[in-house]
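Novice: To start, I am sharing the structure in question, which I have written as structure tokens.
The values are calculated or read from the model by the stated rules, or taken from the named source; none is laboratory data. The structure displayed is predicted, hence computed values, not measured ones. FYI the Cβ positions are ideal-geometry reconstructions off the backbone, even for glycines, and counts take in every protein chain you see.
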Amino acid sequence: MTKQQIIDKARSEGRTVLTEIESKEVLKQAGISIIDTKLATSKEEAVSVSQQFGFPVGLKIASPDIVHKSDAGGVKLGLKTAKQVGKAYEDILEAVRQKHPQARIQGVSVQKMTRHGVEVIIGMSKNAQFGPVLMFGLGGILVEVLKDVSFRIVPLSERDAAEMIGEIKGYPLLEGYRGQEAVDVSYLEELLIKVSDFAEQNPEVKELDLNPVLAYSDGAIAVDARVILEESR
């Protein structure tokens, strides 16, 4: 589906929150690097997709009604065999149905696990006065604990992107702290510009999060994504 078809489908269902799969597809079409993810609607399909991707894989519940997937027992990571995937699919559905019996369940998203990198977050939200504002910082749980983030108003210049990355306190982690591999900061700058362009060109998007983005010496890739639309007028 095209970006507009995905948005129209969500609108027709009375939703402003795109699912993980929808969010990833919309951002992928904008040229943003996102890990391969597919929806599986049966245990057999989950196993088949896993085998196509190659192990290890991760499974996550796909439901428009569940935001915090981990808390609902809806996430299983590092699955290395078809048998583990089949069991994880069943365990996820059972756990979610117990905790959220009213939730609409579309299936389970299957995604290939990727190598460890430095976790960063890129986000966009709207300010009543300034419009779309971009955020950059250390990702994963660090963003909640340290709140080490920087902000700029959209649209971003190349200088804005470089300054955003350089001014976080955790910048030494990107430079290769204590012998760790330095990440490709110029790639992160390009990624910020792409997200800025996306926000500018899609005013119907109210909020987005890429968290975590795994940064490497040879690029970066978003592992999870969330897109929220403006309310219909």
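Novice: Find all pairs meeting these conditions: Cβ atoms under 9 angstrom apart; at least six residues apart or on different chains; first residue within segment 207-224 and outside the structural domain of I153 (by TED's automatic domain parsing); second residue at pLDDT 95 or above and of a type in the set (V, I, T).
Specialist: Correct list of pairs: empty, since none qualify.
Novice: Taking the options K206, K194, name whichever one is under 27 Å from H68 (Cβ atoms), within 19 Å of the chain's Cα centre (by Cα) and surrounded by fewer than 19 Cβ atoms within 10 Å (Cβ to Cβ).
Specialist: Just a single option satisfies the conditions, and that option is K206.
Novice: Within segment 80-175, which strands (runs of 3 or more DSSP E) (wholly inside it) include 3 or more residues that are crowded, with 20+ Cβ neighbours inside 10 Å?
Specialist: 107-112, 118-127, 131-138
Novice: Can you tell me which of S50, S33 is over 17 Å from A225 (Cα atoms) and either touching a residue at least 12 places away in the same chain (Cβ under 8 Å) or surrounded by 14 or more Cβ atoms within 10 Å (Cβ to Cβ) (or both)?
Specialist: The conditions single out S50.
Novice: Could you check segment 53-65 and list, in sequence order, the residues that are surrounded by fewer than 16 Cβ atoms within 10 Å (Cβ to Cβ) and either on the phi > 0 side of the Ramachandran plot or part of a strand (DSSP E or B) (or both)?
Specialist: G54
Novice: Restricting to segment 71-93, give me the number of residues that are more than 26 Å from V213 (Cβ to Cβ) and either at pLDDT below 95 or out of contact with any helix residue (DSSP H, G or I) (no Cβ under 8 Å at 6 or more places or on another chain) (or both).
Specialist: Looking only at that region, the number is 6.
Novice: Residue under question is Y177, and the condition is that it be free of Cβ contacts under 8 Å to residues at least 40 places away in the same chain and aromatic (F, W, Y); does it hold?
Specialist: Taking the combined requirement at face value, the residue satisfies it.
Novice: Considering (1) assigned to a loop (DSSP other than H, G, I, E, B); (2) at pLDDT 95 or above, say which one H68 fails and leave the rest.
Specialist: Status for H68: all satisfied but (2).
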